[in-house]
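A.B. asks: Questions regarding the structure given below will be posed in turn.
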Amino acid sequence: MGEDTGAKHGNWLWRPELGSITVSVLTALYLLVVSNQSFWSKGWLYLEGRPTTFASIAIGIAFLYIAFCVAVSVKYVMKPIFVFLILASAAGAWFMDQFGVVIDIEMIRNAAETNSAEAGHMITPGFMLHMLAFGVLPSLLLVWVRVRHRPFLWKVRGNLAVIVPALVIALVAGLSHARVYAAAVRAHHDWFEALNPFVPMVTAVQFAVGESGDVNIVAAPLGEDARVGDVPLSERKPRLMVVVAGETARADNFSLGGYGRDTNPELAKRDIYYFPETTSCGTATAVSLPCMFSVFTRAAYSHRKGLETQNLLDVLSHAGVKVEWWDNNTGSKKIAARVKERSVIKDGNPRHCGNGECRDEVLLEDLDAWIGSVKTDTVLVLHQIGSHGPAYSQRYPEEFRRFKPDCRSAEFSDCSREEIVNAYDNTIAYTDHILAGVIDRLVGQEDRLDVSMLYMSDHGESLGEFGLYLHGAPYMIAPPQQTHVPFVLWLGKDAKAAYSADCLADETRRPQSHDNLFHSVLGMMRVETRVRDPALDLVSACRLGATS
């Protein structure tokens, strides 16, 4: 009786049994075939449909995957490693396949520096379903299977019998069309960056190593010779400049630059200067924002240099200018580490905030009272949430649903491209309203302050062009939609009287970039220092009576 019961329990607990090499090969093929749609589609495109060449590289990579998986098929270790690879590959495949993103170091940095609210918009029902189908269920199947391992020496010999021939085949396959592969990789850097999950994992390790080395960096002083080269404050009005750091606004959708829809109705009624040919320093906030405020040009900038050197806000402080940073995004990326920084999200104004996010109108809430308290030369930076996706509909209130039907979901697959563009255009129209609101508040204080406003977006956004959505593409292959950004300058009556309108109008017809921000803000605040480059200061040369 006891034996029958045991047999019955044994049937209930039945699990299929496979050898470790078989499980390794199946896992390798699963990773390569199921989680690499982006890699294979790019490869077919970049190899110009050469089937023999494509087949050769497919064989070579397949055997590399097999060699790796067999090499780590150690008892008690292989299942955790394989489960991790399956889950990581499923997550990577979702973002690469859905949005066309490349998971490079800067993309990982951007993800690491986001907040929980922004991250939550990416964890959509579609993502969860994808992870269940292509990550969790295959992992459970792997855990369910009983893996048969041979004794150690037999296992080493058996594994080597697979690994060595696999590496040889991979080498032969790679060398057979090496010239074609090399040319394709040189021309298309995003191809092998899409090889999932191993290349994104190596990139993540590189990022982690780099971050560990950044912890104890102390920014070197910059512009300590800075001073306001002007008549004493007692003989003039205090100068107030508001710098609005935009988020994810692309110039293509600004009607100020010729876009067919009227997305800038309020700014069009203000006396502003718009610079239609402006390029960004990067394609993601974690790169562009620090670069914008750094002394380095885009060509010279690096993340490490940005951390190692003080920035525009420090130079202004050295000159005795009061500086504040108000943030409605994921923080200042250490730009405001040495000045007063305020998070309006943490303030949690119930009129404009909810679920860990705020609409940008929260930045205007206390602006009147704050401007009224200004008594010395001051620069205020307003860091927007702007047009950050994919939840565009969360960026504007109901009354700004001007373009309909607008996508009301963070799941792009739920919406048509027209609905996505409509929602995005509504965010631009709302930013137009915010900027006009800043200008109007400054106008209200013109009698006692010399006021001005400068707006630049940190980067642009893809809305389906070339199959891409969102932003963060490597700069060398990024489409112009991600690097062409809006740039607006407004001058109050005193500031305007100090400049040649014709000269500034000429500047709007020339290409500009984030490189100009550092030097132009110093110029507008009349800060003299050796680190200001007159060639990159687009306003000082237009000052009436100026010599540089």
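The values are calculated or read from the model by the stated rules, or taken from the named source; none is laboratory data. Owing to the predicted nature of the structure, the values given are computational and were not obtained by experimental measurement. Counting neighbours? That spans all protein chains shown, and the Cβs are built from the backbone with ideal geometry, glycine included.
A.B. asks: I'd like the full set of residues that are in a helix (DSSP H, G or I) and crowded, with 17+ Cβ neighbours inside 10 Å, limited to the range 72-90.
C.D. replies: Within the range 72-90, M78, K79, F82, V83, L85, I86, L87, A88, S89, A90 meet the criteria.
A.B. asks: Of everything in the range 226-262, what is touching a Lys or Arg at 6+ places or on another chain (Cβ under 7 Å) and loosely packed, with under 13 Cβ neighbours inside 10 Å? Give them in sequence order.
C.D. replies: The one that is touching a Lys or Arg at 6+ places or on another chain (Cβ under 7 Å) and loosely packed, with under 13 Cβ neighbours inside 10 Å: G229.
A.B. asks: What number of residues in the range 13-71 are assigned to a loop (DSSP other than H, G, I, E, B) and either at positive phi or of a type in the set (A, V, I, L, M, F, W, C) (or both)? Before you say what the answer is, go through the steps one by one.
C.D. replies: Initially, the range 13-71 is screened for residues assigned to a loop (DSSP other than H, G, I, E, B), giving 13-16, 35-36, 47-50.
From what is left, the residues that are either at positive phi or of a type in the set (A, V, I, L, M, F, W, C) (or both) are 13-14, 47-49.
Total meeting the criteria: 5.
A.B. asks: Here is a further query. When you check T297 against the structure, is it surrounded by fewer than 24 Cβ atoms within 10 Å (Cβ to Cβ), of a type in the set (S, T, Y) and closer than 22 Å to E224 by Cα, yes or no? Spell out how you get there, then give the answer.
C.D. replies: Working: surrounded by fewer than 24 Cβ atoms within 10 Å (Cβ to Cβ): yes; of a type in the set (S, T, Y): yes; closer than 22 Å to E224 by Cα: yes.
For T297, the condition - surrounded by fewer than 24 Cβ atoms within 10 Å (Cβ to Cβ), of a type in the set (S, T, Y) and closer than 22 Å to E224 by Cα - is met.
A.B. asks: So which residues in the range 450-497 are more than 22 Å from the chain's Cα centre (by Cα) and of a type in the set (D, E, K, R), if there are any at all?
C.D. replies: Of everything in the range 450-497, those that are more than 22 Å from the chain's Cα centre (by Cα) and of a type in the set (D, E, K, R) turn out to be D450, K493, D494, K496.
A.B. asks: Still on this structure: Out of curiosity, is K79 over 26 Å from L129 (Cα atoms), in contact (Cβ under 8 Å) with a residue 24 or more places away in the chain and of a type in the set (K, R)? Steps first, answer last, please.
C.D. replies: Details: over 26 Å from L129 (Cα atoms): no; in contact (Cβ under 8 Å) with a residue 24 or more places away in the chain: yes; of a type in the set (K, R): yes.
No: the conditions fail for K79.
A.B. asks: A further question on this structure: Within the range 367-412, track down each residue that is crowded, with 16+ Cβ neighbours inside 10 Å, under 30 Å from G523 (Cβ atoms) and of a type in the set (D, E, K, R).
C.D. replies: Within the range 367-412, just D377 meets the criteria.
A.B. asks: Right, something else. Residues in the range 346-357: is at least one buried (at least 21 other Cβ atoms within 10 Å of the Cβ), within 24 Å of P265 (Cβ to Cβ) and outside the structural domain of F95 (by TED's automatic domain parsing)? Spell out how you get there, then give the answer.
C.D. replies: Filtering the range 346-357 for residues buried (at least 21 other Cβ atoms within 10 Å of the Cβ) gives 357.
Still in the running and within 24 Å of P265 (Cβ to Cβ): none.
Scanning the range 346-357, I find no residue that is buried (at least 21 other Cβ atoms within 10 Å of the Cβ), within 24 Å of P265 (Cβ to Cβ) and outside the structural domain of F95 (by TED's automatic domain parsing), so the answer is no.
A.B. asks: So which residues in the range 138-168 are in contact with a Pro (Cβ under 9 Å, 6 or more places away or on another chain), closer than 12 Å to S20 by Cβ and exposed (fewer than 12 other Cβ atoms within 10 Å of the Cβ), if there are any at all?
C.D. replies: Looking only at the range 138-168, we keep the residues that are in contact with a Pro (Cβ under 9 Å, 6 or more places away or on another chain), and these are 144-146.
Narrowing further to those that are closer than 12 Å to S20 by Cβ: 145-146.
Hit for the range 138-168 is R146, nothing else.
A.B. asks: Sticking with this one: Is there any pair linking a residue in the range 208-228 that is closer than 17 Å to H519 by Cβ and modelled with pLDDT of 80 or more to one that is exposed (fewer than 11 other Cβ atoms within 10 Å of the Cβ) and of a type in the set (D, E, K, R), with Cβ under 8 Å and at least six apart or on different chains, and which?
C.D. replies: Matching pairs, first to second residue: G223/R530; D225/R530.
A.B. asks: Is at least one residue of the range 482-502 closer than 24 Å to S294 by Cβ, small (G, A, S) and in contact with a strand residue (DSSP E or B) (Cβ under 6 Å, 6 or more places away or on another chain)?
C.D. replies: Within the range 482-502, not a single residue is closer than 24 Å to S294 by Cβ, small (G, A, S) and in contact with a strand residue (DSSP E or B) (Cβ under 6 Å, 6 or more places away or on another chain).
A.B. asks: Scan the range 350-407 residue by residue and report those that are within 21 Å of the chain's Cα centre (by Cα), free of Cβ contacts under 8 Å to residues at least 40 places away in the same chain and more than 17 Å from I428 (Cβ to Cβ).
C.D. replies: Within the range 350-407, the first condition is being within 21 Å of the chain's Cα centre (by Cα), and the residues that meet it are 356-360, 381-396.
Next, only the ones that are free of Cβ contacts under 8 Å to residues at least 40 places away in the same chain stay: 358, 392-393, 395-396.
Within the range 350-407, just C358 meets the criteria.
A.B. asks: While we're on this one: Is it the case that the range 433-454 has a residue that's touching a strand residue (DSSP E or B) at 6+ places or on another chain (Cβ under 8 Å), surrounded by fewer than 21 Cβ atoms within 10 Å (Cβ to Cβ), at pLDDT below 95 and outside any loop (DSSP other than H, G, I, E, B)?
C.D. replies: The answer is no, given that none of the residues of the range 433-454 is touching a strand residue (DSSP E or B) at 6+ places or on another chain (Cβ under 8 Å), surrounded by fewer than 21 Cβ atoms within 10 Å (Cβ to Cβ), at pLDDT below 95 and outside any loop (DSSP other than H, G, I, E, B).
A.B. asks: Among the residues of the range 23-59, write down those that are touching a helix residue (DSSP H, G or I) at 6+ places or on another chain (Cβ under 7 Å) and of a type in the set (S, T, Y).
C.D. replies: S24, T27, Y30, S35, S38, Y46, T53, S56
A.B. asks: Looking at E211, E235, E224, can you tell me which residue is at negative phi and touching a His at 6+ places or on another chain (Cβ under 6 Å)?
C.D. replies: Working: E211 fails: touching a His at 6+ places or on another chain (Cβ under 6 Å); E235 fails: touching a His at 6+ places or on another chain (Cβ under 6 Å).
The conditions single out E224.
A.B. asks: I'd like the full set of residues that are in contact with a Cys (Cβ under 7 Å, 6 or more places away or on another chain) and either free of Cβ contacts under 8 Å to residues at least 12 places away in the same chain or not in a loop (DSSP other than H, G, I, E, B) (or both), limited to the range 278-303. I'd like the intermediate steps shown before the answer.
C.D. replies: First, pick out the residues of the range 278-303 that are in contact with a Cys (Cβ under 7 Å, 6 or more places away or on another chain): 281-282, 287-288, 291-292, 298, 301.
Listed by number, the residues that qualify are V287, S288, C291, M292.
A.B. asks: In the range 455-471, which residues are crowded, with 24+ Cβ neighbours inside 10 Å and among the hydrophobic types (A, V, I, L, M, F, W, C)? Walk me through it before giving the result.
C.D. replies: Of the residues in the range 455-471, the ones crowded, with 24+ Cβ neighbours inside 10 Å are 455-462, 471.
Answer for the range 455-471, where residues must be crowded, with 24+ Cβ neighbours inside 10 Å and among the hydrophobic types (A, V, I, L, M, F, W, C): just M456.
A.B. asks: What helices (runs of 4 or more DSSP H) lie completely within the range 111-225 and have 1 or more residues being of a type outside the set (A, V, I, L, M, F, W, C) and either more than 30 Å from N328 (Cβ to Cβ) or not assigned by TED's automatic domain parsing to the domain that holds F99 (or both)?
C.D. replies: Counting at least 1 such residues, we get 125-131, 137-144, 152-176, 178-187, 198-214.
A.B. asks: Something else now. Hydrophobic (A, V, I, L, M, F, W, C), modelled with pLDDT under 90 and surrounded by 18 or more Cβ atoms within 10 Å (Cβ to Cβ): which single residue out of A184, A178 fits that description?
C.D. replies: Values: A178 fails: surrounded by 18 or more Cβ atoms within 10 Å (Cβ to Cβ).
A184 is the lone residue from the list that is hydrophobic (A, V, I, L, M, F, W, C), modelled with pLDDT under 90 and surrounded by 18 or more Cβ atoms within 10 Å (Cβ to Cβ).
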